[in-house]
Amino acid sequence: MKNASLIVLLGFSILGFSQKKEKIKKTTIKPKTEFVAELMAKMTIDEKIGQLNLPTSGDITTGQANSSNVAKNIEEGKVGGLFNIKSVKKIKEVQKIAVEKSRLKIPLLFGMDVIHGYETTFPIPLGLSCTWDMNLIERSAQIAAQEASADGINWTFSPMVDISRDPRWGRISEGSGEDSYLGSQIAQAMVRGYQGNDLSKNNTILSCVKHFALYGAPEAGRDYNTVDMSKIRMYNDYFPPYKAAVDAGVGSVMASFNEVDGVPATGNKWLMTDVLRKQWAFKGFVVTDFTGINEMVDHGMGDLQTVSALALNAGVEMDMVGEGFLTTLKKSIDEKKVSIAQIDNAVRLILEAKYDLGLFHDPYRYCDIKRSKTDIYTTSNRNEARNIAAQSLVLLKNQNQVLPLKKSGTIALIGPLADAKENMSGTWSVATKLENSISLLSGVKTVAGNSATILYAKGSNLDYDAAFEERATMFGKTLHRDHRSDQELLAEALKIANQADVIVAALGESAELSGESSSRTNLEIPKAQKDLLNELVKTGKPVVLVLFDGRPLVLVEENQKVPAILNAWFAGSEAGLAIADVLFGDENPSGKLTTTFPRSVGQIPIYYSAKNTGRPLGNKEGKFEKFKSNYIDERNEPLFPFGYGLSYTNFSYSNLMISSSKMTKNETIKVSVEVTNTGNFDGKEVVQLYIRDLVGSVTRPLKELKDFKKIALKKGEKQTLTFEITVDKLKFYNSDLNFVAEPGVFEIFIGTDSTTNNKISFELIN
């Protein structure tokens, strides 16, 4: 009777929200464990399996939810949540179906790819990582959660924490670069930003870390491709950001598409149970990626029933879109291929997440129409996005101090990305109102004001190949291809270039030339734009290249010819204003690269924390040496290293000191350095600390980032920074996968990027 009473009470309390008792916002219910257990006791096996099903919203439109195909499944208790439905009105309509028409009135989760902002969009994650500012990164996630939750969303498929060292892979744009330490810090900041310290607040949302695991290391940089990697590399280089997210309390994990040790991640029990649950003590639920279960059929793992059972047995709780669980698990129970206990565990984890979000207390807590009108795309949020975007830009070159520009004279703004507001938000910006984004042309005109003359010409299309441009401008992110001849476009550009004091060339990739399923073999700027840039350089006028990209590009030719290069990534809805702020010196660029820029595609994979060989190259001038580890046709080192980024001012490092030359495992030593702003501008510097373990039981990287601090220094100001070195900073996974610190000599490097030779050493003793 007690259980029956609970369900009746729950049904009446929830029904009241949409009937005459709409003023009631929440009800008092039992503690989580007891509540979920009693609810599950009333669920049929079909209703339990239904909670594991995450379909798309399909044909649901406002005012027609009740007649949609997915509505029937919701009424029958066959849906646990919906994927990619947007707006309070639609979500409230659908939630009403769940809590009024289904038997047990269980509310739905509403998930969406809120990747780098909602309507207020921040730089793509790769750009955001270049701020090296955890407070700003956390704040961007807070604002994203605020806006998404105001529009009915309570679950985001973010952060993506996949380490990637291959810029051919398009989704490098969606991650935080090549380094596991920095990636771990960012993962935790994003989880904190989304989830806060109380998921039951209606301005926080459930976070989902992805893609577990190793998705960023596909063979040949081709999306969804095979990954083959040793376990020691997994644990040392690729696992840390996922674990960091788990340690931060992330509520859900998304399985990756690739295989791990020959078994697709979606069906990999070692990955989902042994590592995630047993080793890392993850308490949330695991969801597949889009049709991840179904795709195991093509991997060659069996038919849909077989792979669905494989996924559940591995430790996957929710099936995104594929309906493998929905259509096969009941049969697998009958055939004893899966157990009721496994299904019960999955259901419990999903219901607990809904409880934590406060959905059983108030299923409409995310459906406040007032918030949808006041909390989204606000002036305050846009101002913060503008500031964060400015911090993400990386100054790659500034010969003869071409930058900052003066707010006077005549400026020629030329290029297919100059007036391209639809592309400013970059890839995976599904909620952005593209028409409201600020183009570079608009931003430059606004920031320059009336004191400078701004001339504009497109100059070229993205590329000569129209079909290529079509593939690179999907999802409404058009570049408005100009159908004039190439000669006409160039002539117009040269005409205004010759009238200008300085030329700003807005070139690079379109938003969808990087991102999911946008792998590239050629990482150069498209040929039409290269030709345009060469002609602009020939005018003899100073040229500033504002580079739009979602990955490291090969820029050897551009670096040789152009005096100034500002890497703008895709800086979000306020991109044009933020870039203009930096171009004119209202903001001093402080971004630092989180991925290595290669000299050629043939160097890939290239990353700073590589290991030495037994035959290292003996010179630093790039001279070829036979029978040494080098290329016969290219230098070894990158064009721009990890951690690199210039400023309008200069910083000097001096007086590197250490508190002791010896350290035991129970001690902490301190390392200090003086940093001085020696230039003519106030500026910010990312002070980076690297460690090298000189001798180990397994080979160790040449350098590993272990700490950093971003500081602001006035012109002429000096600051002493102190870092603490504990034994945890010296630990690594050995060949037995034990996390250890081995006695021996360590070198500490502190400087402005990963190439610094400013070092001091100490010895770890037993």
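The values are calculated or read from the model by the stated rules, or taken from the named source; none is laboratory data. Keep in mind it's a predicted model, so treat the numbers as computed, not measured. Cβ: placed from backbone, ideal geometry, glycine included. Neighbour counts: every protein chain shown.
Across region 472-493, the number of residues qualifying as at pLDDT below 95 and either touching a Gly at 6+ places or on another chain (Cβ under 7 Å) or not in a loop (DSSP other than H, G, I, E, B) (or both) comes to 0. S573 meets all of the listed conditions (1) touching a Leu at 6+ places or on another chain (Cβ under 8 Å); (2) surrounded by 21 or more Cβ atoms within 10 Å (Cβ to Cβ) but one, namely (1).
Only residues that are touching a Leu at 6+ places or on another chain (Cβ under 8 Å) and either under 30 Å from T379 (Cα atoms) or not acidic (D, E) (or both) were counted across region 92-125, and they come to 14. None of E685, E763 is crowded, with 20+ Cβ neighbours inside 10 Å, touching a residue at least 60 places away in the same chain (Cβ under 8 Å), outside any loop (DSSP other than H, G, I, E, B) and acidic (D, E) except E685.
Of all residues in region 712-766, which are over 30 Å from N680 (Cα atoms), among the polar types (S, T, N, Q) and out of contact with any helix residue (DSSP H, G or I) (no Cβ under 7 Å at 6 or more places or on another chain)? T726, N734, N738, S761, N766, listed by residue number.
Scan region 183-199 residue by residue and report those that are of a type in the set (D, E, K, R) and not in a helix (DSSP H, G or I). Result: D198, single match.
Go through region 358-391 and give me each residue that's small (G, A, S), farther than 23 Å from K92 by Cβ and buried (at least 20 other Cβ atoms within 10 Å of the Cβ). Correct list: A385, A389, A390. All conditions in (1) part of a helix (DSSP H, G or I); (2) crowded, with 22+ Cβ neighbours inside 10 Å hold for D289, with the sole exception of (1). Tallying residues that are part of a helix (DSSP H, G or I) and surrounded by fewer than 16 Cβ atoms within 10 Å (Cβ to Cβ) within region 331-347 yields 6. Residues that are at pLDDT 95 or above, in contact with a helix residue (DSSP H, G or I) (Cβ under 7 Å, 6 or more places away or on another chain) and under 24 Å from K407 (Cα atoms), at least 1 per element: which helices (runs of 4 or more DSSP H) completely within region 504-601 meet that? So the answer is 527-538, 575-583. Does F282 fit the bill of being touching a helix residue (DSSP H, G or I) at 6+ places or on another chain (Cβ under 8 Å), aromatic (F, W, Y) and over 28 Å from L108 (Cα atoms)? It is false that F282 is touching a helix residue (DSSP H, G or I) at 6+ places or on another chain (Cβ under 8 Å), aromatic (F, W, Y) and over 28 Å from L108 (Cα atoms).
Scanning region 264-284 for residues that are in a helix (DSSP H, G or I) and either polar (S, T, N, Q) or not assigned by TED's automatic domain parsing to the domain that holds A244 (or both), we see that the one that is surrounded by the fewest Cβ atoms within 10 Å (Cβ to Cβ) is Q279. Here K90 meets the list (1) within 22 Å of the chain's Cα centre (by Cα); (2) surrounded by fewer than 24 Cβ atoms within 10 Å (Cβ to Cβ) almost entirely, failing just condition (1). Taking the conditions (1) within 15 Å of M43 (Cβ to Cβ); (2) at pLDDT below 95; (3) polar (S, T, N, Q) in turn, S102 satisfies each one other than (2).
Part of a helix (DSSP H, G or I), surrounded by fewer than 17 Cβ atoms within 10 Å (Cβ to Cβ) and in the same structural domain as K336 (by TED's automatic domain parsing): does that describe D228? It is false that D228 is part of a helix (DSSP H, G or I), surrounded by fewer than 17 Cβ atoms within 10 Å (Cβ to Cβ) and in the same structural domain as K336 (by TED's automatic domain parsing). In the set N567, N619, N588, only one residue is more than 23 Å from P125 (Cα to Cα) and of a type outside the set (A, V, I, L, M); that residue is N619.
Examine region 49-66 for a residue that is modelled with pLDDT under 95, assigned to a helix (DSSP H, G or I) and at negative phi, and state whether such a residue exists. Yes, region 49-66 contains a residue that is modelled with pLDDT under 95, assigned to a helix (DSSP H, G or I) and at negative phi. Of the candidates I153, I137, I143, I163, the single residue that is assigned by TED's automatic domain parsing to the domain that holds L357, within 16 Å of V250 (Cβ to Cβ) and either surrounded by 24 or more Cβ atoms within 10 Å (Cβ to Cβ) or touching a residue at least 60 places away in the same chain (Cβ under 8 Å) (or both) is I137. Beta carbons closer than 9 Å, at least 6 apart along the sequence or on distinct chains, pair a first residue in region 417-440 that is not assigned by TED's automatic domain parsing to the domain that holds F157 and charged (D, E, K, R) with a second that is buried (at least 23 other Cβ atoms within 10 Å of the Cβ) and assigned to a helix (DSSP H, G or I) for D419/L440; K421/L440; K421/A575; K421/G576; E422/A511.
To keep it simple, each residue is scored yes or no on (1) under 20 Å from L182 (Cα atoms); (2) under 29 Å from the mean Cα position of the chain (by Cα); (3) modelled with pLDDT of 95 or more.
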| residue | (1), (2), (3) |
| --- | --- |
| P605 | yes, yes, yes |
| S609 | yes, yes, yes |
| N612 | no, no, yes |
| P616 | no, no, yes |
| K620 | no, no, no |
| D633 | no, no, yes |
| F640 | yes, yes, yes |
| Y644 | yes, yes, yes |
| N650 | no, no, yes |
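Scanning region 745-760 for residues that are exposed (fewer than 15 other Cβ atoms within 10 Å of the Cβ) and out of contact with any Ser or Thr (no Cβ under 8 Å at 6 or more places or on another chain) turns up N757, N758.
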